[in-house]
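Asks: Please find one structure pasted underneath; my questions will follow.
The values are calculated or read from the model by the stated rules, or taken from the named source; none is laboratory data. It should be emphasised that the depicted structure is a prediction, and the values quoted were computed from it without experimental measurement. Note: ideal-geometry Cβ built from the backbone for every residue, glycine included; neighbour counts use all protein chains shown.
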Amino acid sequence: MTSSSPSSRFGRLLILPDPNAATAAAARLIAQTIRNDARAVLGLATGRTMEGVYARLAAMHRDEALSFSGVTTFNLDEYVGLSASDPNSYHHYMRTHLFDPVDADPARVHLPDGAAADPGAECAAYERAIRAAGGIALQLLGIGDTGHIGFNEPPSAFDTRTRVVELDEATRRQNAPMFGGDPEAVPREAITMGVGTILESKRLLLLATGPAKAAILAAALEGPVTPEVSASAIRLHPDVTVVLDTDAAAALSPAFTARATVAD
Ligand code: F6R
């Protein structure tokens, strides 16, 4: 790290040279949270960006005795209609990328049940479970092509709670590669934590990498704070860390990136 700026609208903005360095930085922040509190409550995200984060955490479990056994987790979202055993479900993603490779306690990991007979009741129960666990200490976030966090598609009011949402066509295109390349194969609905639910986390960690994220990220961080770009809501939170690679940061203004901690 060569320079730092302690205060900004965000707790911290880190800009790393490439996706590997950015995912490693995000993994280190998560590991630090667990090392500070072995019973931490983490909010987790899925998607391609996070695969590197979970690979790092799995390596830290293997090589550095980082234990997840006391950690409680709540994932942001799940597709409606996919059971936990469906290979395209986020349940399956999390088992593959994190829960199985580490010592996660199955009783402490939570994702919305996309196959619930009563999705409304499932959403209410998910909110209750987060509260019963004492709230989320650190919520990991990605950003989608629509500016969504979780699956909070535009417009998503900033006081929304866990609910069933209809996925934007752009999101179904974004996630089509995981469904054989066919956007029509991507489920039309998902259960997602709301923007209000996310904002109640004690700390937020947004990670974005790659040039495809540059424009929407600049809109979220420097454009209007608006339900039309749900990621812009993070600017209302008092403790946010944004971790980017240089490609994702490319559309930010020089004045904005001047406040960043930039690595060589
Ligand atoms: C997934 C989630 C989404 C993703 C976002 C970016 O649980 O909450 O908001 O973080 O769609 O996805 P990738 O990383 O695949 O570009």
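Asks: Listed residues T73, T33; which is within 28 Å of T261 (Cβ to Cβ), in contact with a strand residue (DSSP E or B) (Cβ under 6 Å, 6 or more places away or on another chain) and buried (at least 22 other Cβ atoms within 10 Å of the Cβ)? Show your work before the answer.
Replies: On the way: T33 fails: buried (at least 22 other Cβ atoms within 10 Å of the Cβ).
Exactly one of T73, T33 is within 28 Å of T261 (Cβ to Cβ), in contact with a strand residue (DSSP E or B) (Cβ under 6 Å, 6 or more places away or on another chain) and buried (at least 22 other Cβ atoms within 10 Å of the Cβ), namely T73.
Asks: Take segment 193-231 and flag every residue that is more than 13 Å from the ligand (Cβ to nearest atom) and aliphatic (A, V, I, L, M).
Replies: L199, A215, A218, A219, L221, V225
Asks: When you scan segment 92-107, how many residues do you find that are outside any loop (DSSP other than H, G, I, E, B), out of contact with any strand residue (DSSP E or B) (no Cβ under 7 Å at 6 or more places or on another chain) and surrounded by 14 or more Cβ atoms within 10 Å (Cβ to Cβ)? Spell out how you get there, then give the answer.
Replies: Step one: filter segment 92-107 for residues outside any loop (DSSP other than H, G, I, E, B), giving 92-99, 106-107.
Okay, now just the ones that are also out of contact with any strand residue (DSSP E or B) (no Cβ under 7 Å at 6 or more places or on another chain), so 92-93, 95-98, 106-107.
Remaining after also requiring surrounded by 14 or more Cβ atoms within 10 Å (Cβ to Cβ): 92-93, 95, 97-98.
Final tally of qualifying residues: 5.
Asks: With the structure loaded, tell me whether R39 is away from the ligand (no atom under 16 Å from the Cβ) and either buried (at least 22 other Cβ atoms within 10 Å of the Cβ) or part of a loop (DSSP other than H, G, I, E, B) (or both) or whether it fails that test. Steps first, answer last, please.
Replies: Values: away from the ligand (no atom under 16 Å from the Cβ): yes; either buried (at least 22 other Cβ atoms within 10 Å of the Cβ) or part of a loop (DSSP other than H, G, I, E, B) (or both): yes.
Yes, satisfied.
Asks: For segment 212-222, indicate whether the set of residues that are over 30 Å from A116 (Cα atoms) and of a type in the set (D, E, K, R) is non-empty. Working first, answer last.
Replies: Here is the first cut: in segment 212-222, the ones over 30 Å from A116 (Cα atoms) are 212-222.
Then drop every residue that is not of a type in the set (D, E, K, R), which leaves 213, 222.
Yes, some residue in segment 212-222 is over 30 Å from A116 (Cα atoms) and of a type in the set (D, E, K, R).
Asks: How many of the residues in segment 211-259 are closer than 15 Å to L16 by Cβ and surrounded by 15 or more Cβ atoms within 10 Å (Cβ to Cβ)? Steps first, please.
Replies: Quick first cut of segment 211-259, residues closer than 15 Å to L16 by Cβ only: 211, 213-214, 217, 241-250, 252, 257.
Filter again for surrounded by 15 or more Cβ atoms within 10 Å (Cβ to Cβ), leaving 213-214, 217, 241-250, 252, 257.
Of the residues in segment 211-259, 15 are closer than 15 Å to L16 by Cβ and surrounded by 15 or more Cβ atoms within 10 Å (Cβ to Cβ).
Asks: Please work out which one of (1) within 30 Å of R28 (Cβ to Cβ); (2) surrounded by fewer than 22 Cβ atoms within 10 Å (Cβ to Cβ); (3) within 16 Å of the ligand (Cβ to nearest atom) is the condition L82 fails and give its number.
Replies: (1)
Asks: I'm trying to understand the selection: among the residues of segment 118-159, which are out of contact with any Pro (no Cβ under 9 Å at 6 or more places or on another chain), away from the ligand (no atom under 14 Å from the Cβ) and in a loop (DSSP other than H, G, I, E, B)?
Replies: If the condition is that a residue be out of contact with any Pro (no Cβ under 9 Å at 6 or more places or on another chain), away from the ligand (no atom under 14 Å from the Cβ) and in a loop (DSSP other than H, G, I, E, B), then D118, A133, G134, G135, A137, D159 are the ones that fit.
Asks: Considering segment 42-59 alone, what residues qualify as being touching a residue at least 24 places away in the same chain (Cβ under 8 Å), aliphatic (A, V, I, L, M) and surrounded by fewer than 20 Cβ atoms within 10 Å (Cβ to Cβ)?
Replies: Residues satisfying the conditions are A55, A58.
Asks: For H97, are the conditions met, namely being closer than 20 Å to G194 by Cβ and either hydrophobic (A, V, I, L, M, F, W, C) or at pLDDT 95 or above (or both)? Break it down stepwise before answering.
Replies: Working: closer than 20 Å to G194 by Cβ: no; either hydrophobic (A, V, I, L, M, F, W, C) or at pLDDT 95 or above (or both): yes.
Criteria not met by H97.
Asks: Looking only at segment 64-91, count every residue that is closer than 23 Å to P183 by Cβ and not in a loop (DSSP other than H, G, I, E, B) and tell me the total.
Replies: Restricting attention to segment 64-91, the residues satisfying the condition of being closer than 23 Å to P183 by Cβ are 75-83, 86-91.
The next check asks that each one be not in a loop (DSSP other than H, G, I, E, B); those that pass are 75, 77-79, 90-91.
Number of matching residues: 6.
Asks: Quick one: which of A176, A190 is among the small types (G, A, S), within 12 Å of the ligand (Cβ to nearest atom) and buried (at least 16 other Cβ atoms within 10 Å of the Cβ)? Give the steps one after another, and end with the answer.
Replies: Values: A176 fails: buried (at least 16 other Cβ atoms within 10 Å of the Cβ).
After ruling out the rest, the residue left standing is A190.
Asks: Oh, and also: Considering only residues of segment 60-79 that are free of Cβ contacts under 8 Å to residues at least 40 places away in the same chain and within 15 Å of the ligand (Cβ to nearest atom), which is nearest to D105 (Cα to Cα)? Before you say what the answer is, go through the steps one by one.
Replies: Step one: list which residues in segment 60-79 are free of Cβ contacts under 8 Å to residues at least 40 places away in the same chain, which gives 60, 62-71, 73, 75.
Adding the requirement that they be within 15 Å of the ligand (Cβ to nearest atom) leaves 73, 75.
Values: T73: 10, N75: 15 Å.
The residue in question is T73.
Asks: Could you count how many residues in segment 176-198 are under 19 Å from the mean Cα position of the chain (by Cα) and within 14 Å of G114 (Cβ to Cβ)?
Replies: The total comes to 5.
Asks: Right, another one. State all residues of segment 166-175 that are under 17 Å from the mean Cα position of the chain (by Cα) and outside any loop (DSSP other than H, G, I, E, B); if no residue qualifies, say none.
Replies: Here is the first cut: in segment 166-175, the ones under 17 Å from the mean Cα position of the chain (by Cα) are 167, 171, 174-175.
Selection gives T171, Q174.
Asks: Within segment 229-264, can you find the residues that are small (G, A, S) and touching a residue at least 40 places away in the same chain (Cβ under 8 Å)?
Replies: Of all residues in segment 229-264, those small (G, A, S) come to 230-233, 248-251, 253, 255, 258, 260, 263.
Matches in segment 229-264: S230, A231, S232, A233, A248, A249, A258, A260, A263.
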